[in-house]
Amino acid sequence: MRLRTSHAFRWPAALPAALCCALLALAVLPAAAGAHAQLESTSPERGAVVPTEPKSVSFHFGEPVTGTAGAIRVFDSTGSRVDDGASFHPGGDQTTYAVGLRPGLPKGTYTATYRVVSADTHIVTGGFVFSIGTASARPGETVGQLLAGQRTGSITSTAFSLVRAVQYAAIGIAAGTLLFLLAVWLPALARVAGTDRTWPAASRAFTGRLRAVLITTAIAGLLSGLAGLALEGAEAAGVSFTAAIDRTILGDVLGTRFGVVWLSAAGAWLVLAVGAALLLRPRAAGAPALHDDGTPARPWPAALLCIPAAALLALPTLAGHASVQHPVGLFAPVNLVHVAAMSAWFGGLVALVAVLPQATRRLEGPERTRLLAATLARFSPIALGAVIVLLLSGIVESLIEIDALPQLIHTAFGRAVLVKIVLLLVLIGLGALNRQRTMPQLRALAANHQPPGEAGLVLRRTLRIEVALIAVVLLVTGALAGYAPAKQAATGPVSVTTSLGPAQMTLDVDPATVGANEIHIYLLNPRTGAQFTGTKKLTVTAAQQRKGIGPLTLDAQPSGPGHYTVPDAVLGARGTWTIDVTAQVSTFDEYERAVKVPIR
């Protein structure tokens with residue numbers, strides 16, 4: 001089939017690209033970092049003044065966490081690290097992470113931070129302040145400022161999304177094309193193949209191209225899997241990709257659930273590549289092709305490739321939200337079915353676009369039409385069933401991960417889900433076009449022994465658009481896997497630095513979630529960097545105007561020169577809160593600053 005202009009069905013050239021760009025922009029709008037694991041307690045307690053130096057500093061979470069050797073860090077008031085650099089789980093308790101302190105620390109204030117990996121592979125960050133003996137006159141850097149130095153850049157995060165997308169696409173192509181081979185191609189070929197020599201040649205051409213596609217896909221899956229391990233190490237350690245290629249960091253990653261799953265997947269890709277190279281040689285014994293006399297060869301040796309492909313289908317489930325988020329007994333199998341349905345659809349489309357033409361080119365026009373019609377007749381029910389399963393499983397997953405409609409707009413996770421919904425609706429429309437118009441035309445042409453002509457061109461064009469749109473869906477899914485589910489949206493300290501009259505003010509809210517929060521306010525002289533001590537009285541209020549809450553008066557207690565603490569600020573609703581800080585510096589002068597703080 002040679003491509004030429006179709007008058008029956010024409011897309012504006014820029015329309016698919018414009019649609020994809022607009023939807024991708026919606027999906028990747030800025031969002032706060034997300035997390036699952038919730039910090040439940042610390043040792044020492046937040047804000048505590050302990051009489052003697054503790055042996056270690058620990059964080060206790062509501063679920064198991066992992067991390068690299070530098071996951072827990074402790075800093076003195078000058079910003080220098082005072083921990084021993086070896087984070088550990090005390091007593092083997094996977095929900096508690098700790099780090100030892102260097103002996104002989106002087107009295108003063110210290111800041112402990114954490115950057116750990118929750119059970120669903122998301123990065124969780126936070127920290128607290130404590131003092132040994134007495135509080136320091138100089139507060140040092142805030143939790144937010146210290147954590148800012150541990151973040152990976154946007155390039156690393158984007159690269160990780162792309163690597164996930166490549167991995168998911170490779171899984172879909174491998175599993176889907178093998179299903180197409182066994183459930184579509186071989187039955188269709190057996191039904192329409194003749195006894196002349198062109199049919200075995202067409203069959204061998206199909207097998208040869210499928211072999212090349214699978215080997216290429218397996219190599220892409222293997223390389224993206226190895227890159228994913230390094231990128232997970234970079235995210236966990238808060239370092240660059242190249243810095244993460246380190247024996248210690250990679251060893252820490254391989255000890256996590258993510259590391260085990262992705263390394264196992266790399267092994268499965270290697271098996272698949274070798275198996276495809278050996279079992280799908282067009283003239284190999286047992287290769288799924290026709291003999292020269294037109295009789296089919298046994299396909300079962302090639303069916304062995306389904307074993308590593310089926311194992312790979314479990315990667316998104318085992319390494320993502322579904323294996324840890326309640327209810328796991330429902331979420332995990334639904335997610336696995338969702339991945340399998342997408343693979344059946346996507347891989348089948350790839351086979352129709354990239355593999356089947358190798359066979360049809362070796363056939364005359366009428367035989368080409370017969371093969372196309374028979375192949376589509378076998379694939380169409382599979383694609384329709386996959387779409388139905390995708391919609392139903394997607395609804396279930398959305399109900400598990402999203403519990404309010406505004407989350408579809410106001411969270412990165414929700415926006416990515418919206419993009420997937422829009423793209424799937426477009427894909428369903430294209431599929432309906434093929435089922436209602438193109439397939440009947442091909443059946444009629446096959447019955448009249450005519451070449452595919454215009455119907456074949458329309459089919460090829462719509463199939464290519466479908467493959468491109470599903471590739472965008474997978475790209476969005478790669479980003480989606482890096483976001484926390486909308487109902488468990490971002491947690492972690494919020495740090496805002498602004499001016500307050502003659503002083504520079506830094507306001508920290510930790511953990512910036514509904515309920516009790518600890519607020520720290522630091523006032524500095526912007527010229528000298530010294531603590532601003534000219535405040536006679538500091539008043540702090542909090543309000544959530546959209547929900548009619550407040551203003552609530554918060555008790556800000558002096559904790560040192562230019563340092564004030566609200567140890568138990570109860571912010572009882574999600575949304576943007578306004579923290580209003582008023583500093584009275586003389587009988588006649590006072591300054592006010594309102595700070596917007598997102599509470600999740």
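Read-outs throughout are calculated quantities, based only on the coordinates presented, and are distinct from any laboratory measurement. Everything numeric here is computed off the predicted structure, so don't read it as measured data. Here the Cβ positions follow ideal geometry from the backbone for every residue, glycine too, while neighbour counts run over all protein chains shown.
The figures follow:
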{"quantity": "Packing-based order for 362-369, 504-511, 581-588, using average beta carbon neighbours within 10 Å, highest first", "calculated": "504-511, 362-369, 581-588"}
{"quantity": "Charge tally in the Cβ shell below 13 Å around T578, where Lys, Arg are +1 and Asp, Glu are -1, T578 excluded", "calculated": "+2"}
{"quantity": "Euclidean distance of C-alpha centroids, segment 322-347 and segment 533-583, integer Å", "calculated": "44"}
{"quantity": "Residues with amide H under 5 Å from that of E141, placed H, sequence gap 5 or more", "calculated": "G79"}
{"quantity": "Amide H partners (placed H, <5 Å) of N517, local residues excluded", "calculated": "A569, V570, L571"}
{"quantity": "Per-q log10 I(q)/I(0), segment 59-116, q = 0.17, 0.19, 0.24 Å⁻¹ (Debye; single scatterer per alpha-carbon; no solvent)", "calculated": "-0.54, -0.65, -0.93"}
{"quantity": "Cα-only radius of gyration and Dmax that characterise segment 297-373, units Å", "calculated": "17.9, 56"}
{"quantity": "Label-to-label distance, nm, for residues given as S499 and T52 (7 Å Cα→Cβ offset)", "calculated": "4.9"}
{"quantity": "Proximal charge balance of V473 [Cβ under 12 Å; K/R count +1, D/E count -1]", "calculated": "0"}
{"quantity": "Using θ = phi - 60° and Karplus 6.51 cos²θ - 1.76 cosθ + 1.60, couplings along segment 261-267 (whole Hz; Gly, Pro as x)", "calculated": "5, 6, 5, 4, 5, 4, x"}
{"quantity": "For segment 219-277 and segment 442-469, distance of Cα centres in Å", "calculated": "41"}
{"quantity": "Along principal axes, Cα extents of segment 157-258, largest first, whole Å", "calculated": "63, 23, 19"}
{"quantity": "Integer Hz, Karplus 6.51/-1.76/1.60 couplings in order for segment 85-94, x for Gly and Pro", "calculated": "x, 10, 5, 7, 9, x, x, x, 6, 6"}
{"quantity": "Pairwise FRET efficiency - Q436 versus A310, Cβ, R0 = 25 Å, nearest 0.05", "calculated": "0.15"}
{"quantity": "Residues whose placed amide H lies under 5 Å from that of V595, excluding near-sequence neighbours", "calculated": "I579, D580, V581"}
{"quantity": "Under 13 Å, Cβ to Cβ, from T438 - net charge with Lys/Arg +1 and Asp/Glu -1", "calculated": "+3"}
{"quantity": "FRET efficiency, I395 to L552 (Cβ-Cβ, R0 41 Å, nearest 0.05)", "calculated": "0.55"}
